[in-house]
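Inspection log for the structure reproduced underneath, given as structure tokens.
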Amino acid sequence: MINVKSEAEILSMKRAGKIVSEVLKLIKENIKEGITTKELDQLAEDYIIKSGGIPSFKGLYGYPATICASINDEVVHGIPGLRKLRDGDIISIDVGACVDGLHADAARTFAVGKISPLAEQLIKVTEKSFFEGIKYAVAGRRLGDISYNIQKYVESRGFSVVRDLVGHGIGRKFHESPQVPNFGKAGVGIRLIKNMTLAVEPMVNVGRYEVYQESDGWTFKTLDGSLSAHYENTIVIKDGQPEIITL
Ligand code: MF3
Ligand code: CO
């Protein structure tokens, strides 16, 4: 079942979205060689709580932290720990916050110090693919229009989109229907309706799209060891262009 949100629910989601975007800015400012992902996690948790929110991820399906921190060939769901960031790494940070029982979710990939031109390009293409996709996130269009246009843009730049992990509806539950793949056919899937809320989140690999899960039960990595980037926002479907509540 796909639910449409009330105006009051959307207001709460916007408050959660504001906290999420501020956390991502705080993390960006603190990313430097030598800091551990656990320290970044602590910053995020403290900030969310201080702001009147609740970390969405902590305890979700048993996940142990506030952020996911995924480095280089790690795609998503990296667990914060004592690993120190190194010059030239790229790190994807994913974070969710909950206000009044409503969630918002977003992710960015950041550079640590000086990164390779290829890594720079990967980050840019991943971000742009989100914006290419959500041009079609308009009431009356179909879900596949978003998916297709993300994939088309990414592949036109020579990269690949992960198939095994997808975006999702979001609201009172963190993961709601529908699934929002970053690949597929235009003109198929459910019809988008005003005030549906979606987390659109392309995960893009430099090499092949296949991923595998580490023995920690969480971290996904690229099968071929190539770099991966992630860009996500929570959006509200409108009659015109969607509202992005985590920018
Ligand atoms: N943003 C991630 C997702 O949509 C959230 C992972 S939360 C976790 O899948 F707790 F399950 F890791
Ligand atoms: Co998500």
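None of the figures in this text is laboratory data; all of them are computed from the coordinates on show. Bear in mind the structure is a predicted one, so any value in this text is a computation, not a measurement. Cβ placement follows ideal geometry from the backbone for every residue including glycine, while neighbour counts extend to all protein chains displayed.
General observations
- Residues located in segment 64-109, provided they are part of a loop (DSSP other than H, G, I, E, B) and of a type in the set (D, E, K, R): 73, 83, 86, 87, 89, 100
- Being more than 14 Å from ligand 2 (Cβ to nearest atom), surrounded by fewer than 24 Cβ atoms within 10 Å (Cβ to Cβ), outside any helix (DSSP H, G or I) and within 15 Å of the chain's Cα centre (by Cα) is a condition met by at least one residue of segment 110-118.
- Hey, residue 129 over 19 Å from residue 243 (Cα atoms) and among the hydroxyl-bearing types (Ser, Thr, Tyr) or not: no
- Cβ pairs under 6 Å, 6+ apart, first in segment 200-221 and within 26 Å of residue 134 (Cβ to Cβ), second part of a loop (DSSP other than H, G, I, E, B) and within 11 Å of ligand 1 (Cβ to nearest atom): 203/165; 220/77
- Strands (runs of 3 or more DSSP E) fully within segment 172-247 that include at least 2 residues being within 16 Å of ligand 2 (Cβ to nearest atom): 176-180, 197-200, 203-205, 228-230, 233-236.
- First in segment 99-119 and touching a residue at least 60 places away in the same chain (Cβ under 8 Å), second anywhere and among the hydroxyl-bearing types (Ser, Thr, Tyr) and assigned to a loop (DSSP other than H, G, I, E, B), Cβ under 7 Å, 6 or more apart: 103/56; 104/246; 105/56; 106/246; 107/231; 108/231; 109/231
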